[in-house]
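Q: I am attaching a structure below and will ask some questions about it afterwards.
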Amino acid sequence: MALTQHDIDQEMAAEREAYEKRLAGGAPVEHHPRRDYAPYRSSVLRHPRQPAVAIDVTKDPEMVELSSPAFGERDLTAIDDDLTRQHPGEPIGERITVSGRVLDREGRPVRGQLVEIWQANSAGRYAHQREQHAAPLDPNFTGTGRTLTDGEGRYRFTTIQPGPYPWRNHENAWRPAHIHFSLFGSAFTQRLVTQMYFPNDPLFPHDPILHSVTDPAARQRLIATYEHGLSVPEFSLGYHWDIVLDGPHATWFEEGR
């Protein structure tokens, strides 16, 4: 019998109760989720069961890059940060502007940081060959962008409001609308990946990926805020979202996923 949303909601409630008991017993705040968070079924499948494999990069430095992501095939262009101008036609959906700062644990700007995003289109479908959601593709929206942070650590993207989509974690499972963010340091192995959500999404209480971030404060830091000053007149609504790389106020990153 397939797991229902009620089953998952009960599991998430049990995880929250267990977390509160650990806090009451003196355990530290958990800023990052466990890799085997049970309500998120595929995290259990990905949970490492063997010790990490040590690679001697002094003998074979290319071994690290074999399992690491690669940069784009070209340098950044003027339209890489505007996902609404990457094709000849207009994409379908509500245009939005997403901006914020990349900061270190002391609140200092991280300059020249490569920030990449990818997302579903307004119908909740990714432009990916393995996508299985039967929503329509948008020929004028690929859903990927990138930019470099400026001298104040600031990034900015123009894109389309992504739609929610079903996934097969359990019966009638739906992901809240979100944008994936990737940040690179000075090397391939310094990549960090996270997700940005939109305020007041009705799917928040039912999403085990979001709730795998057990600490409520850390979970809230994944949600952007609407900022009217970022809205472009007669063009797009504006959302502000800062990314903190380390420390007690760090943004949650998908470690090990």
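The values are calculated or read from the model by the stated rules, or taken from the named source; none is laboratory data. None of the values given here were measured: they were computed from a predicted structure. Neighbour counts run over all protein chains shown; Cβ positions are idealised from the backbone, glycine included. What goes into the accessible areas is simple: the full protein's heavy atoms, side chains included, and nothing from ligands, DNA or RNA. Shrake-Rupley method; radii C 1.70, N 1.55, O 1.52, S 1.80 Å.
Q: Quick check on the range 220-232: of everything there that is assigned to a loop (DSSP other than H, G, I, E, B) and either of a type in the set (Gly, Ala, Ser) or open to solvent by less than 10 Å² (accessible area, probe 1.4 Å) (or both), which residue is nearest to Ala18 (Cα to Cα)?
A: So, considering only residues that are assigned to a loop (DSSP other than H, G, I, E, B) and either of a type in the set (Gly, Ala, Ser) or open to solvent by less than 10 Å² (accessible area, probe 1.4 Å) (or both), the one nearest to Ala18 (Cα to Cα) is Leu222.
Q: Quick one: count up the residues across the range 141-165 that are over 21 Å from Leu76 (Cβ atoms) and open to solvent by less than 50 Å² (accessible area, probe 1.4 Å). Spell out how you get there, then give the answer.
A: Restricting attention to the range 141-165, the residues satisfying the condition of being over 21 Å from Leu76 (Cβ atoms) are 161-165.
Still in the running and open to solvent by less than 50 Å² (accessible area, probe 1.4 Å): 161-163, 165.
The qualifying residues number 4.
Q: Looking only at residues in the range 1-41 that are loosely packed, with under 14 Cβ neighbours inside 10 Å and among the polar types (S, T, N, Q), which one is farthest from Thr214 (Cα to Cα)?
A: Going through the qualifying residues, I end up with Thr4.
Q: Taking the residues in the range 237-256 that are open to solvent by less than 10 Å² (accessible area, probe 1.4 Å) and of a type outside the set (A, V, I, L, M) as candidates, determine which candidate is modelled with the lowest pLDDT.
A: Checked the range 237-256; the qualifying residue modelled with the lowest pLDDT is Trp252.
Q: Might you let me know whether the range 198-219 holds any residue that is among the aromatic types (Phe, Trp, Tyr), assigned to a strand (DSSP E or B) and farther than 22 Å from Ala38 by Cα? So that I can check it myself, show each step before the final result.
A: First pass over the range 198-219, keeping only residues among the aromatic types (Phe, Trp, Tyr): 198, 204.
Restricting the remaining residues to those that are assigned to a strand (DSSP E or B) gives none.
The answer is no; no qualifying residue exists.
Q: Please work out if His170 is in contact with a helix residue (DSSP H, G or I) (Cβ under 6 Å, 6 or more places away or on another chain) and either part of a loop (DSSP other than H, G, I, E, B) or open to solvent by 50 Å² or more (accessible area, probe 1.4 Å) (or both).
A: Considered against the rule, which asks whether it is in contact with a helix residue (DSSP H, G or I) (Cβ under 6 Å, 6 or more places away or on another chain) and either part of a loop (DSSP other than H, G, I, E, B) or open to solvent by 50 Å² or more (accessible area, probe 1.4 Å) (or both), His170 comes out as yes.
Q: Then there is this: With (1) under 14 Å from the mean Cα position of the chain (by Cα); (2) in contact (Cβ under 8 Å) with a residue 60 or more places away in the chain; (3) surrounded by 20 or more Cβ atoms within 10 Å (Cβ to Cβ) as the list, and Phe198 as the residue in question, which single condition is left unmet?
A: (2)
Q: To continue, here is another question. Those residues that are open to solvent by less than 10 Å² (accessible area, probe 1.4 Å) and under 26 Å from Leu245 (Cβ atoms), I need them from the range 173-192; list them, please. Can you show your working first?
A: First, pick out the residues of the range 173-192 that are open to solvent by less than 10 Å² (accessible area, probe 1.4 Å): 173, 175-179, 181-184.
Within the range 173-192, Arg175, Pro176, Ala177, His178, Ile179, Phe181, Ser182, Leu183, Phe184 qualify.
So that you can scan it fast, the table gives a plain yes or no per residue for (1) farther than 23 Å from Val193 by Cβ; (2) without any contact (Cβ under 8 Å) to a residue 60 or more places away in the chain:
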position	(1), (2)
Thr84	yes, no
Val102	no, no
Gln113	no, no
Asn121	no, yes
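Q: Only one of (1) part of a strand (DSSP E or B); (2) more than 18 Å from the chain's Cα centre (by Cα) fails for Pro248. Which number is that?
A: (1)
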